[in-house]
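Colleague: Encoded as structure tokens, here's the structure I'll be asking about.
The values are calculated or read from the model by the stated rules, or taken from the named source; none is laboratory data. This is a predicted model, so every value here is computed, not measured. All Cβ positions, glycine included, derive from the backbone under ideal geometry; neighbour counts span all protein chains shown. Accessible surface is based on the protein model in full, side chains and every heavy atom, while ligands, DNA and RNA are left aside. Shrake-Rupley method; radii C 1.70, N 1.55, O 1.52, S 1.80 Å.
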Amino acid sequence: MTKVYITDYISNPDVEKKILGKNLSTKIHNNVSILLVWHQKINKKYIDKFPNLKAVIRYGVGYDNIDLKELKKRKIIFCNTPDYGVDEVSDTSIAMILNAVRGINEYNICGKLLVNNWQENIIKSIKRISNLNLGVIGAGRIGSAVLLKAKALNFNTFFYDPYKEHGYEKTLNSKRFDKLDNLLTKCHIISIHTPLTNETQGLVNKNFIKKLKKNCIFINTARGEIVENLDYLYDGLISKKLSFVALDVLPNETVPIKSSKLINAWKNDNKLSGKIIINPHASYYSKEAFLEMRNKTAQNALRILKKLKPKNIISYE
């Protein structure tokens with residue numbers, strides 16, 4: 001009887017079928033022992049549909065849609081797939097940073113409105129990259145990749161991550177801060193690369209923005225709910241605490257996007273929209289990364305079926 005069920009999103013499971021064969025189910029039934037999950041909320045109500053469930057594997061890195069306490073209570077293994085889109089997300093972050101630093105988006109909007117003069121329309125606040133400090137919050141796989149790529153571009157790089165081992169800063173050739181406030185007051189650019197946890201939810205709040213250097217560039221390609229309220233970013237732009245905001249994620253990713261002062265300015269205000277970039281949670285994607293993610297997720301399920309220890313087990317402790 002088939003044992004692996006894909007909960008959502010993957011409409012044509014050809015990749016998974018090639019790896020799992022007859023073990024892949026297209027229907028929910030009592031013998032399903034492994035779930036492959038995209039957006040589906042894995043909570044008590046959903047888990048109750050699978051009385052013989054042994055493992056849940058998340059397509060991708062984040063797992064804020066997974067009730068870990070419920071899985072722990074039932075002794076169900078949980079794994080994620082954290083090593084598939086590191087280049088894609090870090091490249092997007094670097095692209096957003098360079099866009100902001102070099103004024104690409106602002107110049108593009110400005111150019112459309114010019115009538116009489118052309119070359120004289122410079123953004124006088126633009127600085128040389130080697131004079132800019134980039135601060136990364138969260139130095140995991142993606143955050144570390146951002147730091148290394150930024151270092152190669154000649155940024156001065158800094159990070160805050162209380163969970164990385166002592167001495168890790170030497171691997172990245174970056175300066176480490178033990179206090180978040182020190183990073184915020186030192187850096188011209190802040191890029192977020194943490195998971196969404198109880199500790200990081202709402203981390204970017206009024207107090208966070210108040211501590212930033214004036215005209216700071218803010219980038220978030222991690223999780224939307226790390227920002228407590230989008231209007232705080234808008235207020236930061238108005239007060240000039242922020243000079244540029246680039247987001248790949250939003251606190252509420254419904255369609256249509258929930259209205260806010262920031263969203264309205266992005267859509268309708270030419271003056272401010274040049275300082276705002278919002279992407280539809282797509283930084284993880286490339287054709288290669290999408291296939292890699294599906295392959296690794298299915299291969300991990302196969303390891304469990306073969307009674308081998310799966311990769312990337314998330315500890316419940």
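Colleague: How many residues are in contact with a helix residue (DSSP H, G or I) (Cβ under 9 Å, 6 or more places away or on another chain), open to solvent by less than 20 Å² (accessible area, probe 1.4 Å) and assigned to a loop (DSSP other than H, G, I, E, B) if we restrict to the stretch 48-72?
Modeller: The total comes to 3.
Colleague: Considering each of 226, 263 in turn, give the residue that is more than 30 Å from residue 18 (Cα to Cα) and touching a Ser or Thr at 6+ places or on another chain (Cβ under 6 Å).
Modeller: 226
Colleague: Keeping to the stretch 104-127, report how many residues are of a type in the set (Val, Ile, Thr), free of Cβ contacts under 8 Å to residues at least 24 places away in the same chain and more than 20 Å from residue 191 (Cα to Cα).
Modeller: Of the residues in that region, 3 qualify.
Colleague: Are there any pairs with C-beta distances below 6 angstrom linking a residue in the stretch 248-262 that is under 16 Å from residue 226 (Cβ atoms) and surrounded by 10 or more Cβ atoms within 10 Å (Cβ to Cβ) to a residue that is of a type outside the set (Ser, Thr, Tyr) and at pLDDT below 85, with the two at least 6 apart or on different chains, and if so which?
Modeller: 252/258
Colleague: While we're here: Looking at the stretch 216-239, I want the residues that are in a strand (DSSP E or B) and have a partner that is modelled with pLDDT under 95 and open to solvent by 10 Å² or more (accessible area, probe 1.4 Å) with Cβ atoms under 7 Å, at least 6 apart or on another chain. Which pairs are those?
Modeller: 227/251
Colleague: Exactly one condition in (1) of a type outside the set (Asp, Glu); (2) closer than 30 Å to residue 234 by Cβ; (3) outside any helix (DSSP H, G or I) is not met by residue 307; state its number.
Modeller: It is condition (2) that residue 307 fails.
Colleague: Would you please name the residue that is modelled with the lowest pLDDT, looking only at residues in the stretch 255-273 that are in a loop (DSSP other than H, G, I, E, B) and touching a strand residue (DSSP E or B) at 6+ places or on another chain (Cβ under 9 Å)?
Modeller: Top of the filtered list is 269.
Colleague: With respect to residue 101, determine if the residue is open to solvent by less than 30 Å² (accessible area, probe 1.4 Å), of a type in the set (Val, Ile, Thr), touching a residue at least 60 places away in the same chain (Cβ under 8 Å) and not in a loop (DSSP other than H, G, I, E, B).
Modeller: yes
Colleague: For the stretch 230-273, which residues satisfy the criterion of being among the basic types (Lys, Arg) and out of contact with any Phe, Trp or Tyr (no Cβ under 7 Å at 6 or more places or on another chain)?
Modeller: Within the stretch 230-273, 240, 241, 258, 267, 271 qualify.
Colleague: Could you tell me which residue of the stretch 181-196 is nearest to the chain's Cα centre (by Cα), considering only residues that are in contact (Cβ under 8 Å) with a residue 40 or more places away in the chain and open to solvent by 30 Å² or more (accessible area, probe 1.4 Å)?
Modeller: Going through the qualifying residues, I end up with 195.
Colleague: Related question: Restricting to the stretch 28-47, name every residue that is open to solvent by 90 Å² or more (accessible area, probe 1.4 Å), assigned to a loop (DSSP other than H, G, I, E, B) and free of Cβ contacts under 8 Å to residues at least 24 places away in the same chain.
Modeller: Matches in the stretch 28-47: 30 only.
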